[in-house]
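See below for the structure under consideration.
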Amino acid sequence: MRRYAAAIAATAIVLIVAVALFMAWRAAERSVANAPLTRHEETVDLATVVNQVRDLNRLETAAMHVVNVGTITQTYRMVPDALGGDELTFFATGDVIAGIDLSRIRQSDAWRGPDGTITLRLPSSQILMTRLDNRESRVLSRKTGILRRPDVDLESRMRQHAEIAIRQEALKKGILLLASQNAETKLAGFLHTLGFRKVRFVRLPEAAPMER
């Protein structure tokens, strides 16, 4: 009899707990159903976004290592080069760095579409720096006429020409396009960290080279 009474008591306790849990679940369900639906809205201050992008300043996004071999010659009319000429052949190697100047972005260069896409109009890419590698660049040959003195400034002028030639070679190889593409990739990642899922860029035409 004691076992029978204990079984009945245990069954009653289980039923009471089950009913209590069911009533609590129904109450919670009614509370959720009756709660008003609220829409989450987020206001994005594009002025703040533009300022954050501008703070990146001159963003270096592409670099090329270029080699150039050039010759500069001085001659005189009616005088053979073996007597009055001066010729220098120079091997030059250096680096060209390109990017965009983000400090030029204005508030009007950023806007947000109805679908939440942020569009950013980027400045044109530019050559930011051309630098000769003085350790690797060197004179390959020098020929001076027997009736004249070598021009002491000929090598320095050749270096200037070599720097221009290296920059032009990088432009031919498409360094500005590469700089624009890399800038978009970097900025897209930066804007994603600010919470923008959709980013689109408008690219201005490439500008004339500018160096610092």
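The values are calculated or read from the model by the stated rules, or taken from the named source; none is laboratory data. Keep in mind that this is a model prediction, so the values were computed, not measured. Glycine also receives a Cβ, built like all others from the backbone with ideal geometry; neighbour counts cover every protein chain displayed.
Condition first: polar (S, T, N, Q), closer than 20 Å to residue 156 by Cβ and surrounded by fewer than 17 Cβ atoms within 10 Å (Cβ to Cβ). Now tell me which residues in segment 56-71 satisfy that.
Of everything in segment 56-71, just one residue is polar (S, T, N, Q), closer than 20 Å to residue 156 by Cβ and surrounded by fewer than 17 Cβ atoms within 10 Å (Cβ to Cβ), namely 71.
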Review point. Among 105, 146, which is the only one that is aliphatic (A, V, I, L, M), farther than 30 Å from residue 67 by Cα, at pLDDT below 90 and surrounded by 14 or more Cβ atoms within 10 Å (Cβ to Cβ)?
Key: 105
Point to revise | Pairs with Cβ under 6 Å, 6+ apart, first in segment 185-199 and part of a helix (DSSP H, G or I), second modelled with pLDDT of 85 or more | key: 188/199; 191/199
Check your understanding: Do you know which of the residues in segment 81-102 that are touching a helix residue (DSSP H, G or I) at 6+ places or on another chain (Cβ under 6 Å) and among the β-branched types (Val, Ile, Thr) is farthest from residue 71 (Cα to Cα)?
Key -> 100
Check your understanding: Of the residues that make up segment 130-138, is at least one assigned by TED's automatic domain parsing to the domain that holds residue 53, under 22 Å from the mean Cα position of the chain (by Cα) and under 20 Å from residue 53 (Cβ atoms)?
Key -> no
Check your understanding: Within segment 72-92, which residues are free of Cβ contacts under 8 Å to residues at least 60 places away in the same chain and either surrounded by 14 or more Cβ atoms within 10 Å (Cβ to Cβ) or under 16 Å from residue 154 (Cβ atoms) (or both)?
Key -> 73, 75, 76, 87, 89, 91
Review point. Has segment 109-117 got at least one residue that is surrounded by 12 or more Cβ atoms within 10 Å (Cβ to Cβ) and under 25 Å from residue 66 (Cβ atoms)?
Key: no
Review point. Which residues, counting only those in segment 108-167, are among the hydroxyl-bearing types (Ser, Thr, Tyr) and farther than 23 Å from residue 86 by Cα?
Key: 108, 117, 119, 124, 125, 130
